[in-house]
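Scroll down for the structure; my scribbles are underneath it.
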Amino acid sequence: MGFWRSSRTAPARPPFSLPAVCGVSVTNVCNATCDFCAYARDKKLIGTARFVDSLAFAEAVPILRRRQIRHLTLQGGEPLLHPAIEALVESAAKGGRQVALITNGWRLPLKIGRLAEAGLSRLLVSLDSHSVTEHERNRGLPGVGSVSAKGWPVPSKRDWSPSPVSPSIVSCASRSCPRCSDALDSMR
Ligand code: SF4
C-alpha cells in the first residue's frame, strides 16, 4: 500500500529544466557541397525543398517558452537561404528566447545587419580545416573562407553584443590541433 501511495506522488522537480536548447532545422536546402553532409546540393538527396513557415514558427515560440526552452539554434541545410530567416530570429527573440544560428557564412555579408537588428544573440560559423583553400574546396564555395577570416560588417548604431563567433571545426580536430588552433587565433 505504501508503495502505491508513494508511486502516485508527483516526483520532485529537478533544480533545472531540460531540455534548455532546441535545434530547429529551418530548411533542407543548402548551397554548399560538403562531402560529409547529406544536405550538400550536389548529392541531390533532400527531395522537395522545404522551409519552416514563419507564422507557424511564431506560434510555436510560446509553446517552447512554456516548455522552458531558453535557447533556440537555427540551422539547416543553410539557414540563411530561408527567405524569412530574419522573421524567424525576430519571433524567437521577441518571445524572450536566446537565438543562435549555425551557418556556412556565405550569405552573412548580406544578412548580418538585419539578423542583428532582429535580435540574433549568437553566431556559429562552421569551418572544415585550418587551411582556407581546403575549407573552400570542401564547401564548394570559393571565397567563403576569405569572407569568414575578414569578418562581417555589423551596424554600429545598435547595441548588438553577440558572443564571439564560434567556429566549429568539423573535419579536423579541435583546438588541440595546433594548426587549427593557429587558424582560430588568427580570427580573433
Ligand atoms: S554547409 Fe552545412 S548544411 Fe550545407 S552541405 Fe555543408 S555541412 Fe551540410
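The values are calculated or read from the model by the stated rules, or taken from the named source; none is laboratory data. As the structure is a computational prediction, the values presented were derived from the model and not from experiment. For neighbour counting, all protein chains shown are included, and Cβ atoms are generated from backbone atoms with ideal geometry for every residue, glycine included.
Which of the helices (runs of 4 or more DSSP H) contained wholly in the range 14-122 include at least 1 residues that are within 16 Å of the ligand (Cβ to nearest atom)?
Passing ranges, in order: 85-94, 108-118.
May I ask you to list the residues in the range 63-97 that are among the aliphatic types (A, V, I, L, M) and in contact (Cβ under 8 Å) with a residue 40 or more places away in the chain?
64, 69, 72, 74, 81, 85, 88
Does the range 84-107 contain at least one residue that is more than 16 Å from the chain's Cα centre (by Cα) and under 17 Å from residue 30 (Cβ atoms)?
Within the range 84-107, none of the residues are more than 16 Å from the chain's Cα centre (by Cα) and under 17 Å from residue 30 (Cβ atoms).
So which residues in the range 123-137 are at pLDDT below 90, within 16 Å of the ligand (Cβ to nearest atom) and more than 18 Å from residue 101 (Cα to Cα), if there are any at all?
Correct list: 129, 132, 134, 135.
Counting only residues that are over 20 Å from residue 21 (Cβ atoms) and surrounded by fewer than 17 Cβ atoms within 10 Å (Cβ to Cβ), which one in the range 60-116 is modelled with the lowest pLDDT?
109
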